[in-house]
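One structure below.
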Amino acid sequence: AANSQGCMNNITFGNENFGFYETIGGGSGATSSGNGADGIHTHMTNTKITDVEIIEREYPVQIMRFSIRDGSGGDGLFDGGDGLIREYRFLEDVDVSILTERRVFAPKGVNGGRDGQKGKNILIKDGIAYFVPSRSSFSIKSGDKLCIYTPGGGGYGPNK
């Protein structure tokens, strides 16, 4: 199999009133017999992302976007799975910690398959976008957004 998104994309946030933790899936690597899966948890078990309706009802956050990151899987005879995009808009000041993988090195394709796209984390404050390192802790003000773009999986075999 080609490389998957790496270990999970982890995010925690909270303040003196609450704490929240979730993992975000990404693309799995293609194999010699098929395409990789889109938006799936890889290399971590017994976990699921929080439903948008639940997180928005229980916590001071809006999920502005939750979608497949089209085209992020590597091309090949069998394509790598696409990652996800999860964009949070915070309604209170919070402290955030993220632990994400494959931000420096792309998920490798194998046997002529192309690499999947690297992930990226973007903080938007006052309309200005800032790249956030893969492992970091920082404070966010009410109204700020955090966008997590998870990696795609690597492709398998030369292009079709």
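Just so you know, all these numbers are worked out from the coordinates, no wet-lab data involved. Keep in mind that what you see is a predicted model, and the values were worked out from it rather than measured. Note that we place each Cβ from the backbone using ideal geometry, even for glycine, and neighbour counts take in every protein chain shown.
The modelled label-to-label distance for the pair Ile63/Cys7, using points 7 Å beyond Cα in the direction of Cβ, is 2.4 nm.
On full extension, the segment bounded by Lys125 and Ser33 gains 28.7 nm, given 0.36 nm per residue less the C-alpha separation. For region 136-155 and region 69-130, write down the distance between their C-alpha centroids in whole Å. Distance between centres, Cα-based: 8 Å.
Check region 80-160 and count each lysine pair with an alpha-carbon distance under 22 angstrom, considering only pairs eight or more places apart or from different chains. Walk me through the numbers before you get to the answer.
Working: Lys108/Lys118; Lys108/Lys120; Lys108/Lys160; Lys118/Lys145; Lys120/Lys141; Lys120/Lys145; Lys125/Lys141; Lys125/Lys145.
Counting lysine pairs in region 80-160 gives 8.
Taking every DSSP beta bridge with both residues inside region 36-160, roughly what % is antiparallel (nearest 5)? Show your work: numbers first, answer last.
Details: 29 of 30 bridges.
Among the beta bridges of region 36-160, antiparallel pairing accounts for roughly 95 percent.
What the Cβ-Cβ distance of Thr50 and Leu91 gives, at R0 = 22 Å and to the nearest 0.05, is a FRET efficiency of 0.90. What you get for region 19-145, charging only the Cβ of Lys and Arg (+1) and of Asp and Glu (-1), is a dipole of about 420 debye around the Cα centre.
So what's the net charge close to Lys48: Lys and Arg +1, Asp and Glu -1, counting the other residues with Cβ under 15 Å from its Cβ? Kindly include the intermediate steps, with their values, before the conclusion.
Numbers: positive: Arg86; negative: Glu22, Asp51, Glu53.
Counting the neighbours of Lys48, the net charge comes to -2.
Across region 23-160, how large is the tail of the calculated P(r) beyond 17 Å, expressed as a percent of all Cα pairs? Intermediate results must be reported in sequence, preceding the final value.
Working: 5684 of 9453 pairs.
The share of Cα pairs beyond 17 Å in region 23-160 comes to 60 percent.
Are there GluC sites (Glu not before Pro) in region 54-106 that DSSP marks as loop and that have at most 14 other Cβ atoms within 10 Å, and which are they? Sparse-neighbourhood loop GluC sites (Glu not before Pro): none present.
Given the rule -39500 (n - 2.57) for each run of at least 4 DSSP H residues, summed and divided by the residues of the chain, what is its mean residue ellipticity at 222 nm, to the nearest 500 deg cm²/dmol? Don't jump to the answer; show the numbers that get you there.
Numbers: 1 runs with 7 residues, N = 160.
Computed mean residue ellipticity for the chain: -1000 deg cm²/dmol.
For region 1-62, a simple Cβ point-charge model (Lys and Arg +1, Asp and Glu -1, everything else neutral) yields a dipole of about 260 debye relative to the Cα centre.
Neighbours of Met64, meaning other residues whose beta-carbon lies under 10 angstrom from its beta-carbon, give a summed charge of +3 when Lys and Arg score +1 and Asp and Glu score -1. Phi angles of region 109-121 translate, via the Karplus equation with coefficients 6.51, -1.76, 1.60 and θ = phi - 60°, into HN-Hα couplings of x, 10, 6, x, x, 7, 5, x, 6, 5, x, 7, 10 Hz per residue; Gly and Pro are given as x.
Multiply the residue gap between Leu77 and Asn17 by 0.36 nm, knock off their C-alpha separation, and tell me the result in nm, one decimal place. Don't skip to the end; give the middle numbers.
Details: separation 60, 0.36 × 60 = 21.60 nm, distance 5.02 nm.
Roughly 16.6 nm would be gained on extension.
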